1. For chain B, set up a Gaussian network in which alpha carbons nearer than 10 Å are linked by springs, and say which option among B:Pro67, B:Pro309, B:Pro218 fluctuates the most.
2. Quick check: convex hull over the Cα atoms of the stretch B:215-330, volume per residue in Å³, rounded to an integer?
3. B:Asp65: accessible area at probe 1.4 Å, nearest 10 Å²?
4. Expressed in whole Å with the largest first, what are the equivalent ellipsoid semi-axes of the stretch B:54-198 derived from the C-alpha gyration tensor as the square root of 5 times each eigenvalue?
5. Report the local net charge at B:Ser108: Lys and Arg +1, Asp and Glu -1, summed over other residues whose C-beta lies under 14 Å from its C-beta.
6. Can you give the percent of C-alpha pairs in the protein assembly as shown whose distance is more than 44 Å?
7. Could I get the Rg over Rh figure for the stretch B:268-380? Both from C-alpha atoms, Rh via Kirkwood, rounded to two places.
8. As an exercise, use a Förster radius of 22 Å and the Cβ-Cβ distance of B:Gln20 and A:Tyr42 to find the FRET efficiency, rounded to the nearest 0.05.
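The values are calculated or read from the model by the stated rules, or taken from the named source; none is laboratory data. Computed from a predicted model, the values in this text were never measured in an experiment. Cβ sites come from the backbone with ideal geometry, for glycine too, and all protein chains shown count toward neighbours. The protein model used for the area step is the full one, side chains on, heavy atoms only, and it has no ligands, DNA or RNA in it. Shrake-Rupley method; radii C 1.70, N 1.55, O 1.52, S 1.80 Å.
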Amino acid sequence: MKWLLVAFWSVVILSVALLIAAYMIWWERKFAGRMQRRIGPYWVGYPHGWLQSIADAIKILRKEDIIPKNADKWVYNIAPFLFMVPPMFLFAVFPFSKTWVVADLNVGLLYVLAVSSLGVFGVMMAGWGSHNKYALLSAMRYVSQMISYEVPLVLSALVPVVLTGSMNLGAITNAQKGLWFALWPVVGWVAFVVFLLATLAEGNRAPFDIPEAESELIGGFAVEYSGWKFAMFYVGEYVHLLAVSILASVLFLGGWRGPLLPPLLWLFIKTVFMYSVLLWIRWSFVRLRVDQLMVFNWKVLVPVSVVDLLLAALWVVLR
Amino acid sequence: MATRTLEFTFDEMRVNMGPQHPSTHGVFRGVLVLEGEEIKDLIPHIGYLHRGVEKLAEHLSYVQDVPIMARNDYLGPVHNELVMAHAVEKLANIQVPERAQYLRVMASELHRIASHLVWTGTFLLDMGGALGGGSTMFLYLFQARESIMDLYEEWTGARFHPNLVQIGGVRFDLPAGFDRKVKEALQTVRNTVNEVREMVEGNPVFEQRTRGVGVLSPELAQSIGCSGPVLRASGVAYDVRKAFPYDAYDKMDFEIVTATAGDVRARYEVRINEIFQAAHIVQQALEGLPEGPIGAKPPVKAPVAVKAPKGEVYFRVESARGELGAYLVSDGSHKPYRLKLRSPSFSNLQAIQHLVRGHKVADVVVILGSLDPVFGDVDR
């Protein structure tokens, strides 16, 4: 009956992940509000508008679902699923405590990186299927950005793997019993920063949010979507962000490890911290241009992460 | 060995940007001719906000025309009121009391600050987006602008369109204890602008987006008829306040702010420095404010109260966007026979076509924003 248990936990984790995604939106709006000398959502739910995300979800689900006349309907309709579902697969391999993991894969990190890059298909299909020039431009930008930033993302994520000698996320967490990888002198610091920047680009956030770029491309690939299909893109983005925040906590901040508090709470604190750092960057910077984004990736991030990976390998060999 | 060259041909793509686009500062429509992300050409279309103000002015009297003009350039209403009032005063040879002249200078400089604050905010918004760092700075700057709106509310009773200028003077005198509030508001503005400068200047992302983008040569700027910060950023020191002083500007001590690079960054710099200069002028006007009448009491309200003799006149003022001119023909009645406005937004906007070629899509909104067009002023 092991599969039944796995199915049960999958449902639990996915529901919790969706709920958390809703509150990540609330947290972002509060956080941004405080940064901008506002108070953010306040009136729906006491205290501090805690029901705002729920109200928004109900509102958006009741909206009319519009399909443009010239859209490629099959492609257009399937794109939101392909965008939202892959980040949800990621939660299967995250260790939430010593024993709490749905699928304890030996190649956990490889699985994470492979699955998280599947979202590109959804965006490409959305851009193509919408029959809209803005959506198409945005989808092309998204694909080139994803493929480029995958390189430093993978290279920096490999540093903990090299230091641990395993791709299992549980093993990586255990290897940080003494010192978190983010705190390892030079090698760890550089890998952590590169990972953070690549994560921002992968998560389509400012200053790397050029595919969305609402001041030029008015929202990008999702411009023709409305109602629940738009909600899927929106939630998919936040589920992805939640997944990468957890991933960063696991790879670099010691995952569920920590004194006194229960493991799940430690992971939660670290995830919220990582997410808040992403928000902090997002709400302070203006946006890069598409060519500058590529230059930054290929001329700065990739060489730095290659050298960093070599240093890590050298350290392991000489140890 | 013969070298083989690969030749790529691109299909050009035409993208309709506007009139409902969020970053066209109103209702600008530009047809972009694209090769991938690169812009080959931009075909501007204007007129979506045409209200026929110049024609409307012929049917209203001079007294009624002054507040109507304020609706053109809604970010600097006092400048528009001023140009209309001045044109009539010049034609009818009406003298303005000295205190009113100082108050007019103060009002127009306060609106210059407010307009430049809005510009800086929206410019950063264009660059950073409503969901990013741009909106943070946008809100900071709007909070600073709010302090100037509050001043106007206390002074004239209206926040946005003060209806302050009347022919032959100003309508409202300063309320008691106003100078202290002005000083506080100016301090708020200075602090906020310095804070924003700290946040964006030297930031690699901001510098990369603005330096060398949309370079306007002084020759082109002059041949198109650009004026204001757009012209001064290209290194031409032309300012109506110095070249053709009106009101009390000849008694004020200020400098013409210029920059040499002519790019988007230079325009940003000129406007930021002009905020400080304007604050300086406001303080001088406040300190040197003479006692005396401010114009006709009670204010001129009857439509037929002012008549101008037969003739024609051109008057110009420096608005926040550049040289704002009014060409007025009178047939001796209380209405203009013909009115033509020379709006700085319209002239400056013509540069867009020359500036965007060869740049990327993302630069269009930045360059358009840097020209600071107000479409009420472009279309009139």
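1. Looking only at B:Pro67, B:Pro309, B:Pro218, the largest GNM fluctuation is found for B:Pro309.
2. 139
3. 0
4. 31, 19, 11
5. -3
6. 35
7. So for the stretch B:268-380, dividing Rg by the Kirkwood Rh gives 1.10.
8. E between B:Gln20 and A:Tyr42, to the nearest 0.05, is 0.15.
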